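Everything on this sheet refers to the single structure shown next.
The values are calculated or read from the model by the stated rules, or taken from the named source; none is laboratory data. What you see is a predicted model; the values in this text were computed from it and never measured. Neighbour counts are summed over all protein chains in view; Cβ atoms, including those assigned to glycine, are modelled from backbone coordinates with ideal geometry.
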Amino acid sequence: MNEILKVIKGTKDILPQDVHMWHFVEKTAEEVFSRYGFEEIRTPIIEMTELFSRGVGDTTDIVNKEMYTFEKNKRSITLRPENTAGVVRSFIENGMYRQSMPVKLWYKGPMFRYERPQAGRQRQFHQVGVEVFGVSQPTVDAEVILVAINFLKSLGLTDLEVELNSLGCPKCRENFKNELKKVIQPYLNELCEDCNTRFEKNPLRLLDCKVEDCKKIYQKKEIQKVITSDFLCDDCKNHYEELKMYLDKMNVKYAENKLLVRGLDYYNRTVFEIKSKDLGSQNAVCGGGRYDNLVEQLGGSPTPAIGFAMGMERLISLLEERQPNLLDAYIVSKFKTDAFILAEELRGEGLSVDFEMGDRKFVKQLEKASKIAKYALILGEDEMAKNQISIKNLETGKQVTVNRADCVKMLEL
Ligand code: HAM
């Protein structure tokens, strides 16, 4: 026997019995996002590696440890670990900055990160997300958070928590970083290796460390004093206050979390996550924030921007199981040629139809019909003789016999 090949660790098949849940999430995304004026964009799954080292940041775990990178024709190519950098590249390359602002885009698709697989964390996973370009006012920050919440509501997810923080601008953040480094310096040899690197390269990310010993050290009074200090400059403070005012007016509940720094380097000012208690340790369904410097950093002219992305596997794991779509009709008959012709006729009328191709007995065929279709169309000897069809409603059990020509009309009722 030949060896059976298996799916790669950290990746999963989406099987026919589950795909209707994905369709539901994708359809809801399209409906909700277009209500807010978003248009869909589809960018390639492979990009130049440099896009991510420059875009996501070469101090991040994503760029340092988690990218699927390979060389082709002496070029370094990477499977996208996220889609903000790709959308920004496309925004610049396609001159979208010439359109009237804001430019509002949404996307869905697979992303790749070489992380340790566990519940809620895969190496190939899917995101659905939005990006808005061209508005620096906090109205758009509030709108983006509202879009996320309304999308989740439309999926039936309401028991979620919004966490909010402002990282300030590069200027005010610089002071904060220096203060943080000052109080953390004495503990450096007690901190993990990653924290030591972060200390040098990106001290803000120290607050995101998951190692218990490090977390304990960051609880120390003098460190907490800096973490909880109000370091924002006047402009950033006003921006943050105004955002909170809008959220309050829209009755959006949120918790402020000074430790929320996000794992990607491009953020400034607003950052947010939406979390679920039902997800275990990988509890973030949504992460996002403002990235006002990224367009310029990737070669475009300065353009403020903000967005979010949600993990689709995590969303689906929170959803109640929904009924898969049923076929309109299943033809139950031993007259295969006639069943085949009728199926094609009805498909031509736009109905979804299948018929028995094997040699199963009438009862077995009807059993199958009741599992996968709304109606059974019975083409037995009597019906064939009179050019009729019996239509059985598989939900109510009611059955009527009609002339063949009236079948479509009956099914559409
Ligand atoms: P992120 O926080 O890295 O942000 O990812 C967003 C969401 O994707 C997470 O909250 C989680 O639901 C899901 N996710 C991330 N990694 C995995 C994984 N390995 N397995 C399953 N789900 C995962 C970003 O990617 C940014 N691009 C978001 C953004 C858009 N910021 C501004 N615009």
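Selection of helices (runs of 4 or more DSSP H) fully inside the stretch 238-348 by the criterion of at least 1 residues being crowded, with 22+ Cβ neighbours inside 10 Å and touching a helix residue (DSSP H, G or I) at 6+ places or on another chain (Cβ under 9 Å) returns 294-297, 312-318. Among the residues of the stretch 286-316, the ones that are within 10 Å of the ligand (Cβ to nearest atom) and over 30 Å from Glu50 (Cβ atoms) come to 1 in all.
Among Phe133, Phe151, which is hydrophobic (A, V, I, L, M, F, W, C) and either without any contact (Cβ under 8 Å) to a residue 60 or more places away in the chain or in contact with a strand residue (DSSP E or B) (Cβ under 7 Å, 6 or more places away or on another chain) (or both)? Step through it out loud before you land on a result.
Working: Phe151 fails: either without any contact (Cβ under 8 Å) to a residue 60 or more places away in the chain or in contact with a strand residue (DSSP E or B) (Cβ under 7 Å, 6 or more places away or on another chain) (or both).
Of the residues listed, the single one that is hydrophobic (A, V, I, L, M, F, W, C) and either without any contact (Cβ under 8 Å) to a residue 60 or more places away in the chain or in contact with a strand residue (DSSP E or B) (Cβ under 7 Å, 6 or more places away or on another chain) (or both) is Phe133.
For the stretch 95-113, a residue qualifies if it is surrounded by fewer than 17 Cβ atoms within 10 Å (Cβ to Cβ), closer than 30 Å to Phe70 by Cα and in contact (Cβ under 8 Å) with a residue 60 or more places away in the chain, and the qualifying residues are Gly109, Pro110.
Every residue, every condition in (1) under 21 Å from His23 (Cβ atoms); (2) outside the structural domain of Ala284 (by TED's automatic domain parsing); (3) among the charged types (D, E, K, R); (4) in contact with a Cys (Cβ under 9 Å, 6 or more places away or on another chain), yes or no:
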| residue | (1), (2), (3), (4) |
| --- | --- |
| Ile331 | no, yes, no, no |
| Lys336 | no, yes, yes, no |
| Ala339 | no, yes, no, no |
| Leu342 | no, yes, no, yes |
| Ser352 | yes, yes, no, no |
| Glu367 | no, yes, yes, no |
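Does the stretch 45-67 include one or more residues that are on the phi > 0 side of the Ramachandran plot, touching a residue at least 60 places away in the same chain (Cβ under 8 Å) and surrounded by fewer than 18 Cβ atoms within 10 Å (Cβ to Cβ)? Taking every residue of the stretch 45-67 in turn, none turns out to be on the phi > 0 side of the Ramachandran plot, touching a residue at least 60 places away in the same chain (Cβ under 8 Å) and surrounded by fewer than 18 Cβ atoms within 10 Å (Cβ to Cβ). Listed conditions (1) within 15 Å of the ligand (Cβ to nearest atom); (2) within 29 Å of Ile149 (Cβ to Cβ) are all met by Leu51, apart from (2). Within the set Leu411, Leu377, Leu351, the sole residue that is assigned to a helix (DSSP H, G or I) and under 23 Å from Gln323 (Cβ atoms) turns out to be Leu411.
Condition first: free of Cβ contacts under 8 Å to residues at least 60 places away in the same chain and either outside the structural domain of Ala29 (by TED's automatic domain parsing) or in contact with a strand residue (DSSP E or B) (Cβ under 9 Å, 6 or more places away or on another chain) (or both). Now tell me which residues in the stretch 284-312 satisfy that.
Just the residues of the stretch 284-312 that are free of Cβ contacts under 8 Å to residues at least 60 places away in the same chain, to begin with: 284, 287, 296, 302.
Correct list: Ala284, Gly287.
Yes or no: Gly358 small (Gly, Ala, Ser), at pLDDT below 95, part of a loop (DSSP other than H, G, I, E, B) and touching a helix residue (DSSP H, G or I) at 6+ places or on another chain (Cβ under 7 Å)? Answer is no for this residue.
If you take the residues of the stretch 75-118 that are hydrophobic (A, V, I, L, M, F, W, C), within 13 Å of the ligand (Cβ to nearest atom) and farther than 15 Å from Glu39 by Cα, which of them is nearest to the chain's Cα centre (by Cα)? Only one residue fits best here, namely Met111.
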